[in-house]
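The values are calculated or read from the model by the stated rules, or taken from the named source; none is laboratory data. It should be emphasised that the depicted structure is a prediction, and the values quoted were computed from it without experimental measurement. Here the Cβ positions follow ideal geometry from the backbone for every residue, glycine too, while neighbour counts run over all protein chains shown.
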Amino acid sequence: MLDERQAHTCADVVRANEIINHIPIIVITAKITDRERIEGIAAGADAYLSKPFNSDELRTRVEKLLEGRRLLQKKFRQTMVELKEEEGGEDESCDTAQPSEADLRFLTKVTDAIYLQLNRRKDIDVTLIASSVCMSNSQFYRKMNALTGYKPSAYIRRIKINKAKSLLHDHPQLSLSEVAERSGFNDYSNFVRAFKDVCDITPTAYRREIYD
């Protein structure tokens, strides 16, 4: 059992660690004065329960925290993939769940690393991206899945498609094969399939819509 000071220190350590700082923290304590509650929240606790606690209340707290995490995943899905190419596009549908600055910094680093490899015309190396944020592959997988709801490979694919959309929009002189290559797809049929899976439209139809 931790005393109040140790609990706050533990919360500080978790929030400072980029690998695990997305994990919600619930503090269960016999001491729950207003001052201690404020200190705990400032240290990074997401919820406080006083002893003896009701199991239904604990379950409800956990469910609400998980619901908040799902809303964050939705927000990241809608905005972070387009961070580099369509910067500034704010989504207003999930205002109740705002991502933390630490999570935004992490995903910005990841997105930057992916675009850097794309712009260098290199195959995307997940191990290299994980290394750029000082994580092992397994840590990176868990972190990305927790924040975005996507496996790293699925997140990378969506960034590739976003890159392709930007090229189709800004460079009408490029052939679709060139767009596929510059977007990190070595196989044209895989590019068309991925584009349609993500956008519900083929690259040809997307380009036609842009210029019609």
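Residue by residue through the range 49-69, note down the ones that are surrounded by fewer than 13 Cβ atoms within 10 Å (Cβ to Cβ) and of a type in the set (A, V, I, L, M, F, W, C). Steps first, answer last, please.
Of the residues in the range 49-69, the ones surrounded by fewer than 13 Cβ atoms within 10 Å (Cβ to Cβ) are 51-52, 54-57, 59-60, 63, 66-67.
Passing the criteria: only LEU66.
Does the range 156-205 hold any residues that are crowded, with 18+ Cβ neighbours inside 10 Å, touching a residue at least 40 places away in the same chain (Cβ under 8 Å) and over 18 Å from ILE114 (Cα atoms), and which are they?
LEU168
Name every residue in the range 127-148 that is in contact with a Ser or Thr (Cβ under 7 Å, 6 or more places away or on another chain) and crowded, with 17+ Cβ neighbours inside 10 Å, in order of residue number. Break it down stepwise before answering.
So in the range 127-148, the residues in contact with a Ser or Thr (Cβ under 7 Å, 6 or more places away or on another chain) come out as 130, 137.
Passing the criteria: only ALA130.
Within the range 126-153, how many residues are closer than 22 Å to SER100 by Cβ and either touching a helix residue (DSSP H, G or I) at 6+ places or on another chain (Cβ under 8 Å) or free of Cβ contacts under 8 Å to residues at least 24 places away in the same chain (or both)?
Residues meeting the conditions: 19.
Please find, among SER183, SER132, SER177, the residue that is closer than 28 Å to PRO24 by Cβ and outside the structural domain of LEU66 (by TED's automatic domain parsing). Talk me through it step by step, then tell me what you get.
Numbers: SER183 fails: closer than 28 Å to PRO24 by Cβ; SER177 fails: closer than 28 Å to PRO24 by Cβ.
Matching residue, one of SER183, SER132, SER177: SER132.
Take VAL192 and decide whether it is assigned by TED's automatic domain parsing to the domain that holds LEU118 and over 22 Å from THR108 (Cβ atoms).
Criteria met by VAL192.
A quick yes/no check of all residues on (1) hydroxyl-bearing (Ser, Thr, Tyr); (2) at pLDDT 90 or above; (3) in a helix (DSSP H, G or I):
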position: ALA130; (1), (2), (3): no, yes, yes
position: SER153; (1), (2), (3): yes, yes, yes
position: LYS163; (1), (2), (3): no, no, yes
position: ALA180; (1), (2), (3): no, yes, yes
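State yes or no: is ASP197 outside any helix (DSSP H, G or I) and either among the acidic types (Asp, Glu) or over 27 Å from GLU101 (Cα atoms) (or both)? Even if it seems obvious, please write down each step before you answer.
Numbers: outside any helix (DSSP H, G or I): no; either among the acidic types (Asp, Glu) or over 27 Å from GLU101 (Cα atoms) (or both): yes.
It is false that ASP197 is outside any helix (DSSP H, G or I) and either among the acidic types (Asp, Glu) or over 27 Å from GLU101 (Cα atoms) (or both).
Just to be sure I understand, how many residues within the range 50-67 are among the hydrophobic types (A, V, I, L, M, F, W, C) and more than 22 Å from ARG35 (Cα to Cα)?
Summing the residues that are among the hydrophobic types (A, V, I, L, M, F, W, C) and more than 22 Å from ARG35 (Cα to Cα) in the range 50-67 gives 3.
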